[in-house]
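Quick notes on the structure that follows.
The values are calculated or read from the model by the stated rules, or taken from the named source; none is laboratory data. Remember, it's a predicted structure, so these values are computed and weren't measured experimentally. A quick note on method: Cβ atoms are made from the backbone with ideal geometry, for glycine too, and the neighbour counts reach across all protein chains shown.
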Amino acid sequence: MPKIDIAAVPARKGSGYPPPFDVPCASRTRKRLGDAGGLSDYGVNLMTLPPGGWSSQRHWHSHEDELVYLLEGELTLVEDDGEAILRAGDCAAFPKGTGNGHHMINRSSVTAVYLEVGTRNPLDMTTCSDIDMMSSNADGRFVHKDGTPYSK
């Protein structure tokens, strides 16, 4: 049946970033709705971000388009050109290959809920804008920008 039982989809808390880069994202939760529905060409995640939390490290994708749609709350979108407030009903799109790093921070006093949608290109390289880190979809490992792996 195509209907997804959202309550039954496991919520994953935190991120896969190596320390100390995982700390700002430690409180976020993700429910992989696309995976639960068997989608393979793009992912859809139901995200929650409590006050003070970051959606991710600021990043951009080489081969993946990304879109977020805010369902509840308020988030501050941070990009190369500055900041913008997103409120329930707002969305933002991030075309692949722009080099414009983005992430969202919850500077409000309530938990934000949003959908995160992105393509799943095996050639994608995620590059972090503010720190020495990148990750390839091919293996999912986090490495320094010179290719040296992060130690565990």
In the stretch 1-26, what residues are surrounded by 10 or more Cβ atoms within 10 Å (Cβ to Cβ), assigned to a loop (DSSP other than H, G, I, E, B) and over 13 Å from the mean Cα position of the chain (by Cα)? Ile4, Val9, Pro10, Pro18, Phe21
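Filter the stretch 59-85 for residues that are free of Cβ contacts under 8 Å to residues at least 24 places away in the same chain and in a strand (DSSP E or B); which is nearest to Tyr17 (Cα to Cα)?
Out of the qualifying residues, it is Glu79.
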Taking the stretch 113-144 and keeping residues in contact with an Asp or Glu (Cβ under 6 Å, 6 or more places away or on another chain) and either among the β-branched types (Val, Ile, Thr) or outside any loop (DSSP other than H, G, I, E, B) (or both) leaves Val113, Gly118, Thr119
Determine whether Asn100 is surrounded by 20 or more Cβ atoms within 10 Å (Cβ to Cβ) and either over 23 Å from Phe142 (Cβ atoms) or not charged (D, E, K, R) (or both). no
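Restricting attention to the stretch 36-58, which residues are in a loop (DSSP other than H, G, I, E, B) and either surrounded by 19 or more Cβ atoms within 10 Å (Cβ to Cβ) or touching a helix residue (DSSP H, G or I) at 6+ places or on another chain (Cβ under 7 Å) (or both)?
Scanning the stretch 36-58 gives Gly53, Ser55, Ser56, Gln57, Arg58.
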Mind listing whichever residues of the stretch 1-39 are of a type in the set (Gly, Ala, Ser) and over 19 Å from Leu75 (Cβ atoms)? Ala7, Ala8, Gly16, Gly34, Ala36, Gly37, Gly38
Can you tell me which residue among Gly89, Gly99 is out of contact with any helix residue (DSSP H, G or I) (no Cβ under 8 Å at 6 or more places or on another chain), free of Cβ contacts under 8 Å to residues at least 40 places away in the same chain and under 18 Å from Ser135 (Cα atoms)? Gly99
Go through the residues of the stretch 17-32 one by one and say whether even a single one is among the small types (Gly, Ala, Ser) and either within 16 Å of Leu115 (Cα to Cα) or at pLDDT below 95 (or both). no
Close pairs (8 angstrom Cβ cut-off, 6 or more residues apart or separate chains): in contact (Cβ under 8 Å) with a residue 24 or more places away in the chain and under 27 Å from Ser151 (Cα atoms) in the stretch 1-30, among the charged types (D, E, K, R) and part of a loop (DSSP other than H, G, I, E, B) anywhere: Ser15/Asp22; Ser15/Arg28; Gly16/Asp22; Pro18/Lys152
Could you grab me the full set of residues in the stretch 106-132 that are under 25 Å from Glu83 (Cα atoms) and over 15 Å from the mean Cα position of the chain (by Cα)? Arg107, Ser108, Ser109, Val110, Thr111, Asp130, Ile131, Asp132
Has the stretch 97-107 got at least one residue that is part of a loop (DSSP other than H, G, I, E, B), of a type in the set (S, T, N, Q) and farther than 13 Å from His59 by Cα? yes
Search result, residues across the stretch 40-58 that are closer than 16 Å to Leu75 by Cβ and either of a type in the set (D, E, K, R) or without any contact (Cβ under 8 Å) to a residue 12 or more places away in the chain (or both): Arg58
